[in-house]
Amino acid sequence: MRLAGAQIGRGCRIESIQWPRNPWDIELGDGVALDRDVVLLATGSRTTQPRICIGSRTYINRWTMIDASLCVSIGADVMIGPSCYITDHDHSTQPGEPLSLLPLVEAPTSIGDNVWVGANVTILRGVRIGRDAVVGAGSVVTRDVGEGERFAGVPARRLSSSQVR
């Protein structure tokens, strides 16, 4: 990946990754671990900033897909469970118009430092997850998760907060 233009930090461990689309739009911090069959899709023309940015010491479990057309940013020390889908875009809809001809709707998606994302979680366009948050397995995250909050469900909702007050 480095030869194709990806920015890869020291000590990264990449297991049988699916070859990424537009590797020059991918940045991995030091010590990042990508387990088997992780897919990194950075779609669009070349940009000055990476579309997919993964912070140091973050672990992404097998069969997870990160799909970015604008920007997906994942902080340091994050753990992402298997079979997750994280995106910064979706398709627009217009009654009477062919869906295949309509443009994408984009908004940056970000995950803060020290976040735990359980297995089979979907994180949709424009969501911001604050540091120290936890997202329960099987959740669909459609809105922001605050710092230290626990979210779960479909759609994901706030269960509790671990913040010290």
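Every read-out reported here was derived from the displayed coordinates using simple, explicitly stated rules and does not represent laboratory data. Since we're looking at a predicted model, the values are computed, not measured. A quick note on method: Cβ atoms are made from the backbone with ideal geometry, for glycine too, and the neighbour counts reach across all protein chains shown.
Things worth noting here:
- Residues satisfying the stated conditions in the stretch 12-63, i.e. surrounded by fewer than 18 Cβ atoms within 10 Å (Cβ to Cβ), basic (Lys, Arg) and farther than 16 Å from MET79 by Cα: ARG21, ARG46
To keep it simple, each residue is scored yes or no on (1) in a strand (DSSP E or B); (2) more than 28 Å from GLY5 (Cα to Cα); (3) acidic (Asp, Glu); (4) in contact with a Cys (Cβ under 9 Å, 6 or more places away or on another chain).
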{"site": "TRP63", "(1), (2), (3), (4)": "no, no, no, yes"}
{"site": "ALA76", "(1), (2), (3), (4)": "no, no, no, no"}
{"site": "GLU147", "(1), (2), (3), (4)": "no, yes, yes, no"}
{"site": "PRO155", "(1), (2), (3), (4)": "no, yes, no, no"}
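- Neighbours by Cβ (under 9 Å, 6+ apart or cross-chain): first from the stretch 134-147, without any contact (Cβ under 8 Å) to a residue 24 or more places away in the chain and surrounded by 20 or more Cβ atoms within 10 Å (Cβ to Cβ); second polar (S, T, N, Q) and not in a loop (DSSP other than H, G, I, E, B): SER139/THR122; VAL141/THR122
- Some residue of the stretch 35-50 being part of a loop (DSSP other than H, G, I, E, B) and closer than 11 Å to ALA6 by Cβ: yes
- Considering residues of the stretch 98-121 that are within 21 Å of VAL32 (Cα to Cα) and of a type in the set (S, T, N, Q) only, the residue surrounded by the fewest Cβ atoms within 10 Å (Cβ to Cβ): ASN120
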